[in-house]
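One structure is given here, and the rest of the page talks about it.
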Amino acid sequence: MNWTVAIVLVILAIVVVLRLIAWWGWRLVSYLFSRLITVISQVRQRDDITALGAKFEARFPRTAGFLHARLTPDRFTGLPLTLVVIAAFYLAALFGGLVEELFEADELVRFDQWLNQQLAPLRTDGVITLFAWITDLGSSATLVAVALVTTGLLWGRSHGYMIAPLWLTLIGSQITTYTGKYVIARPRPEFITEVVALTPSFPSGHATSAMAVYGFIACILATRVAGIRPRFEIIYWAAVLIALVGFSRMLLSVHYVSDVAAGFLVGGFWLLLGFALAEHRRRLIE
């Protein structure tokens, strides 16, 4: 068995094990979320809570209306949208913290360089060829093509309201990424494979775009299928694809791990904004 086949088998084994763990985690989160909705509904129906709410609404009508609109679990623009917005701003805060660490903490730079060195034994010709193909799945050309095909499918299936959110996700993530690249201007790792790049390193454009576009498509598909298991499969395998694209950038020594992490955060931010806009527009036309 050659080294390339061994690495592929190890990756497949990791993916299978993580799938089992993720499936049980998915079921647990789904159960806890459903219980949360049930508890909220039960609390709202209690007489003492209803009376207290009526008094609060009578005294502070605008505040009560705002809180009800933001926290109701009965429609997407209520509690679900509130959670999405909170998650988006949390990702933005994490990205800001990562940028701060990059400039002020030598530990992050040393860890980036250490991990890049640890990947050196994996950089055989066969592995490089495989991951060079995988990394192309996150290139701008590929993702624009994916977005164009998706646009055609959405238009053909009378889901045109999703087209603008899709392109907002792609274009917004690209603008943010390239702004960050040239503002931060971090040098890339030393190129030790045939894969090279001309732009600065931080954040990873491939990781950003893969998270934004593939993540957006996966979320839209997951909301259109019935059942916990099909939704899990869509989200999980999209996550595997996104993770492989990010890992390929590190293995090919064109990005550090913090570049990829930052790309995932930026892409996740735009993914959540695009998904929220798509769901909001869907509710308007229903």
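The values are calculated or read from the model by the stated rules, or taken from the named source; none is laboratory data. In this text the structure is predicted, and so the values were computed from the model without any measurement. Virtual Cβ from ideal backbone geometry, glycine too; neighbours counted across all protein chains shown.
Within region 134-164, the set of residues being within 15 Å of residue 274 (Cα to Cα) and modelled with pLDDT of 90 or more comprises 147, 150, 151, 163, 164. Residues of region 202-253 that are under 22 Å from residue 176 (Cβ atoms) and of a type in the set (Lys, Arg): 249 alone.
All of (1) within 30 Å of residue 160 (Cβ to Cβ); (2) surrounded by 17 or more Cβ atoms within 10 Å (Cβ to Cβ); (3) at pLDDT 90 or above hold for residue 237 with one exception: (2).
For region 123-150, filtered to residues that are over 19 Å from the mean Cα position of the chain (by Cα) and not in a helix (DSSP H, G or I), the residue that is farthest from residue 163 (Cα to Cα) is 124.
When 243, 218, 197, 276 are checked against the criterion of being free of Cβ contacts under 8 Å to residues at least 24 places away in the same chain and farther than 19 Å from residue 149 by Cβ, a single residue qualifies: 243. When every residue of region 231-240 is checked against the conditions, at least one turns out to be among the hydrophobic types (A, V, I, L, M, F, W, C), within 17 Å of residue 147 (Cβ to Cβ) and in contact (Cβ under 8 Å) with a residue 12 or more places away in the chain. Applying the set (1) under 23 Å from residue 17 (Cα atoms); (2) more than 13 Å from the chain's Cα centre (by Cα); (3) surrounded by fewer than 24 Cβ atoms within 10 Å (Cβ to Cβ) to residue 248 leaves exactly one unmet item: (3). Of note, residue 144 does not satisfy the criterion of being among the β-branched types (Val, Ile, Thr) and under 18 Å from residue 180 (Cα atoms). Of everything listed in (1) over 30 Å from residue 5 (Cβ atoms); (2) hydroxyl-bearing (Ser, Thr, Tyr); (3) modelled with pLDDT under 90, the single unmet condition for residue 129 is (1).
For region 10-17, the criterion of being modelled with pLDDT under 80, surrounded by 10 or more Cβ atoms within 10 Å (Cβ to Cβ), over 16 Å from residue 238 (Cα atoms) and not small (Gly, Ala, Ser) is met by none of the residues. Any residue at all in region 102-125 that's of a type outside the set (Phe, Trp, Tyr), more than 24 Å from residue 240 (Cα to Cα), surrounded by 17 or more Cβ atoms within 10 Å (Cβ to Cβ) and out of contact with any Asp or Glu (no Cβ under 6 Å at 6 or more places or on another chain)? The answer is yes; a qualifying residue exists.
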